[in-house]
Structures are given as structure tokens and as C-alpha cells.
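Student: Can you keep this structure in mind? I'll have questions shortly.
Every read-out reported here was derived from the displayed coordinates using simple, explicitly stated rules and does not represent laboratory data. As the structure is a prediction and not an experimental result, all values here were calculated from the model. Positions of Cβ are generated from backbone atoms using ideal geometry, with glycine treated the same way; all protein chains shown enter the neighbour counts.
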Amino acid sequence: NSILKINSTRVAIPVLKNEGLQSKVSAHFGKSRGFIVVDSDGQNCHYLDTKSERKEHECAPIHSLVENGCRV
């Protein structure tokens, strides 16, 4: 028996507030309060609150997104 391993990618979707997969998409990636982070297989998602992680004059907290496995 062999197991097929599929590489997964995480996608960060800017949202207005945390309502899971029902969240409304924010029109501005860099100024959204948080992100819904979804695995490309569609099986796992979580909310990433990034408002408090922003540094002065920083739009989207890219470092935080990368730390959470986001690539797209």
C-alpha cells in the first residue's frame, strides 16, 4: 500500500469580521481586521486576528501571515 501525499497551500482571505467560511471579504487586503486562513484542500480554516500584530505604518502583517503557513 502506498499513500499519495498532496502538498497543501494556505490561502489568507481578508475579512471584515470572524464568521468562519461565511465571513464577508474585506475590500482592502492590507487594512482588514483579520484573515480567514484556509488550507487548499478546503478541510481546515481558522481566523487570524492581525489588527493587534501590526507595526506602525504596516498594512497587512505579512510576517504573521507567513508564520501561519500562508503562501497565496
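Student: Loop-only trypsin sites (Lys or Arg not before Pro) in region 7-46, please: DSSP not H, G, I, E or B, and at most 10 other Cβ atoms within 10 Å.
Tutor: Passing sites in region 7-46 are K24.
Student: For S40 and T9 in the same chain, what is the full-extension length gain: residue separation times 0.36 nm, less their Cα-Cα distance, in nm?
Tutor: My answer for the length gained is 10.6 nm.
Student: Please compute the modelled spin-label separation between Y47 and N18, points set 7 Å along Cα→Cβ, answer in nm with one decimal.
Tutor: 0.5
Student: Continuing with the same structure: Rounded to the nearest 0.05, what FRET efficiency do N68 and K31 have when you use their Cβ-Cβ distance and R0 = 30 Å?
Tutor: The formula returns an efficiency of 0.95 here.
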